[in-house]
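First comes the structure, then the notes that go with it.
The values are calculated or read from the model by the stated rules, or taken from the named source; none is laboratory data. Values in this document were obtained by computation on a predicted structure and should not be read as measured data. Quick reminder, even Gly has a Cβ in these numbers, built from the backbone with ideal geometry, and neighbours come from all protein chains shown. With ligands, DNA and RNA removed, areas are computed over all heavy atoms of the protein, side chains included. Shrake-Rupley method; radii C 1.70, N 1.55, O 1.52, S 1.80 Å.
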Amino acid sequence: MKFSHKYIIIGAGSAGCVLANKLSENPENSVLLIEAGPMDNYSSIKMPLAASSLFKNKKYGWCYETEPEKNLNNRTINWPRGKTLGGSSSINGMLYIRGQAEDYEAWERAGNKGWGYRDLMKYFVALENNQNHEDQYHGNFGSLWVQTYEPILEASKSFLNACKKYGLTQNNDFNGDDQGGFGQYQVNIKDGQRFSAADAFLKPVLDRTNLDLLTNALVEKVITSNKKAIGVKVKIKNEVHVIGSTSEIILCGGSINSPQILMLSGIGPMKHLKDHQISVIQDLPGVGQNLQDHLTVNISYKINKLKTFSELMKPLGMVK
Ligand SMILES: Cc1cc2nc3c(=O)[nH]c(=O)nc-3n(C[C@H](O)[C@H](O)[C@H](O)COP(=O)(O)OP(=O)(O)OC[C@H]3O[C@@H](n4cnc5c(N)ncnc54)[C@H](O)[C@@H]3O)c2cc1C
């Protein structure tokens, strides 16, 4: 096994890009970032309106589907996850909206000191380069470009006016004091192009000599010795390589793949691992359980006269 890096980060998605940046800030550290997908130089990643065309793209996404859902007449649901630099931040909706304060408070109450909303605020503020808001909830000097989205469709403006007429509460900052109401989203779009976690945190530091990036490299498992993670097994162009770490291996494979990698490494619910003939390193029943996701249900209407989103989704509209 070649032990060349202090830290190995698995997955160059939102979390992996931030960690690669922060850990390699210290020249004493050496960091290897391993990404299963390719580089992100694909025009549809850059074009905000093309986002949904990426959801079923096999090159830049994992293209997961759920099991048939009994309560959905046995249909399966498409479950996109990004597989490229930036991970899901390279295929997502680009909406910049924090979790609800109550959720972070619940994390803290569950015993995670330092993860409460007020504790995290300094990090939220530090990472932002907000173009529209300057107050205690926002930062203007961070790496992540944030701007308020200006509706381009007359239909969107009409919708906002209708909300107002209906008496709903207008909110000019969903990341401010109150997250309720109607209003305009803040987005990670800069100069008309997607601004992913890779754009914000990874690309600006890729020239650091203590940071190495491997793309098209699938981590198959974490190698352990006496229950300590010491390396990874990586498949690159059909060849399997073993790479060791002198300090830590950090899983940033996303909410589906991180538990999968743990289980492939023998860490997870014993019975499930045995069912798949995986040697158990550690019986950990919680791995792969209790996933929460937010489903979206889009409601579509035909409208008269005004231009719609569907028209903009045609190839020429996306380029404009
Ligand atoms: C369709 C969609 C729309 C969304 N819209 C929004 C939005 O508008 N606003 C918002 O805030 N959030 C949105 N999200 C959520 C947000 O993008 C994710 O929460 C966030 O990107 C997750 O970050 P992560 O680092 O945990 O995982 P990811 O960003 O998914 O990164 C995981 C990375 O690990 C890599 N990887 C996985 N397994 C392996 C392996 N075995 N070996 C090597 N590499 C591996 C993956 O290829 C990927 O690059 C959306 C997500 C999706 C999928």
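Cross-link partners among aspartates and glutamates for K190, C-alpha distance below 12 Å, same-chain residues fewer than 8 apart left out?
Output for K190: D199.
List the pair-distance distribution P(r) of segment 155-256, using every Cα-Cα distance, as the percent of pairs falling in each 5 Å bin from 0 up to the bin containing the longest distance, rounded to whole percents.
Taking all Cα pairs of segment 155-256, the binned fractions are 2, 9, 11, 12, 13, 11, 7, 8, 8, 8, 6, 4, 1, 0 percent.
Using square roots of five times the C-alpha gyration tensor eigenvalues, list the equivalent-ellipsoid semi-axes of the chain in whole Å, biggest first.
Its equivalent ellipsoid spans semi-axes of 36, 24, 22 Å.
To the nearest 20 debye, what is the magnitude of the charge dipole of segment 95-187 about its Cα centre, counting +1 on the Cβ of each Lys and Arg and -1 on the Cβ of each Asp and Glu?
Dipole size: approximately 140 debye.
Across the chain, where is the longest run that never hits chymotrypsin sites (Phe, Trp or Tyr not before Pro) in a DSSP loop with at most 11 other C-beta atoms within 10 Å?
Longest stretch, sites excluded: 1-140.
Find which of M94, G61, Q170 sits farthest along the positive direction of the dipole of segment 60-188, computed with +1 on the beta-carbon of Lys and Arg, -1 on that of Asp and Glu, about the Cα centre.
With unit charges placed on the Cβ atoms, the residue in question is G61.
At 37 °C and 0.692 mPa s, grab the translational diffusion coefficient of segment 8-144 from Stokes-Einstein with a Kirkwood Rh over Cα pairs, rounded to a whole number in µm² per second.
187 µm²/s
List the aspartates and glutamates whose Cα lies under 18 Å from the Cα of K274, skipping any in the same chain that are fewer than 8 positions away.
Correct list for K274: E220, D283.
If you put +1 on each Lys and Arg Cβ and -1 on each Asp and Glu Cβ, how big is the dipole of the chain around its Cα centre, in Debye rounded to 20?
1000 debye
More than 18 Å apart: what percent of Cα pairs in segment 200-292 qualify?
Tail fraction, whole percent: 54.
Which semi-axis lengths, in whole Å and largest first, follow from the square roots of five times the eigenvalues of the Cα gyration tensor of segment 95-187?
28, 17, 9
Provide the per residue accessible area, probe 1.4 Å, for segment 95-187, rounded to a whole number of square angstrom.
That works out to 66 Å² per residue.
Take a quick pass over segment 1-117 and tell me how many lysine pairs come in under 23 angstrom between Cα atoms, counting only ones 8 or more apart or on separate chains.
11
Within straight cross-link reach of K302, meaning Cα distance under 15 Å, which aspartates and glutamates are found once same-chain residues fewer than 8 apart are removed?
Hits, sequence-local ones excluded: E154, E311.
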